[in-house]
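Novice: Input: one structure, supplied below.
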Ligand SMILES: *Cc1c(COP(=O)(O)O)cnc(C)c1O
């Protein structure tokens, strides 16, 4: 049983409402690519470094999408939450951090989505792990992959937006600010679309620190537009964190990932 204090729940609820209001206000800005008819971006609450009890409090106030960036931590919390959440109204876990191929096996068990696919070798590992988990499930030897009900593991291509140094594949983390280059994104999309068990969902990015967020998010939008030429269903643009929500939403974000403004300050690594 996951227990949390009323004081902590109140604090989280207050921050959540503030961020939801901030998203609604930002969504009225039609100066870039948003239209009056654009849907409100979805909110994924980034719960990394915070305990499962906090995630339970968020679930109880209606949050159904959380993001994590470390496999061990995420897997443990997902197991705890699976007992807390209602099976017919599950919590969705997005993996948003740098991922080594040997963790794919673990990630497909609990993740509904991986937002940080930045290279073919990772996509191949996720596909293989998904199919293995499915086979074990069908043989009655283990649980289904978390994303089975959605028809496969949703994958977003993490796009590196640093114009100076082309990012190195495999360096996709908040620290390294990596990702596939915008030029490589379409080819990687075609590769992902051919892998069984994976569903190409769109793109994700963390803007470089030394660049204006508007410039970075505009580049991400243009990359997504190119993708839509061949994959019109891959509509997700995951962009915007606590400090750059407004710019991301202006440039067509469909999914913002907010951590510290809701959860509080993370402990330093
Ligand atoms: C931690 C993290 C976030 C949340 O960042 P905040 O600044 O705390 O809102 C969003 N996206 C990624 C990829 C992250 O690693």
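Novice: Restricting attention to the stretch 222-250, which residues are away from the ligand (no atom under 16 Å from the Cβ), touching a residue at least 60 places away in the same chain (Cβ under 8 Å) and out of contact with any strand residue (DSSP E or B) (no Cβ under 7 Å at 6 or more places or on another chain)?
Specialist: Matches in the stretch 222-250: 250 only.
Novice: Quick check: anything in the stretch 151-171 farther than 27 Å from residue 237 by Cβ, surrounded by 14 or more Cβ atoms within 10 Å (Cβ to Cβ), modelled with pLDDT of 95 or more and in contact with a helix residue (DSSP H, G or I) (Cβ under 6 Å, 6 or more places away or on another chain)? First the steps, then the outcome.
Specialist: Within the stretch 151-171, the first condition is being farther than 27 Å from residue 237 by Cβ, and the residues that meet it are none.
No - not one qualifying residue is present in the stretch 151-171.
Novice: Can you find even one residue in the stretch 179-192 that is touching a residue at least 12 places away in the same chain (Cβ under 8 Å) and either within 16 Å of the ligand (Cβ to nearest atom) or under 23 Å from residue 19 (Cα atoms) (or both)?
Specialist: Yes, the stretch 179-192 has at least one match.
Novice: May I ask you to list the residues in the stretch 231-249 that are in contact with a helix residue (DSSP H, G or I) (Cβ under 7 Å, 6 or more places away or on another chain) and either surrounded by fewer than 16 Cβ atoms within 10 Å (Cβ to Cβ) or under 19 Å from residue 31 (Cβ atoms) (or both)? First the steps, then the outcome.
Specialist: We begin by selecting, within the stretch 231-249, every residue in contact with a helix residue (DSSP H, G or I) (Cβ under 7 Å, 6 or more places away or on another chain); these are 231, 234, 237, 239-240, 242, 244-249.
Within the stretch 231-249, 237, 239, 240, 244, 245, 246, 247, 248, 249 meet the criteria.
Novice: Could you please tell me which pairs satisfy a Cβ distance under 6 Å, a separation of 6+ or placement on different chains, a first residue in the stretch 255-266 that is in contact (Cβ under 8 Å) with a residue 12 or more places away in the chain, and a second residue that is more than 9 Å from the ligand (Cβ to nearest atom) and assigned to a loop (DSSP other than H, G, I, E, B)?
Specialist: From the stretch 255-266, the pairs are 255/41; 256/41; 263/50.
The values are calculated or read from the model by the stated rules, or taken from the named source; none is laboratory data. In this text the structure is predicted, and so the values were computed from the model without any measurement. Using ideal geometry, Cβ is built from the backbone for each residue, glycine included, and neighbour counts are taken over all protein chains shown.
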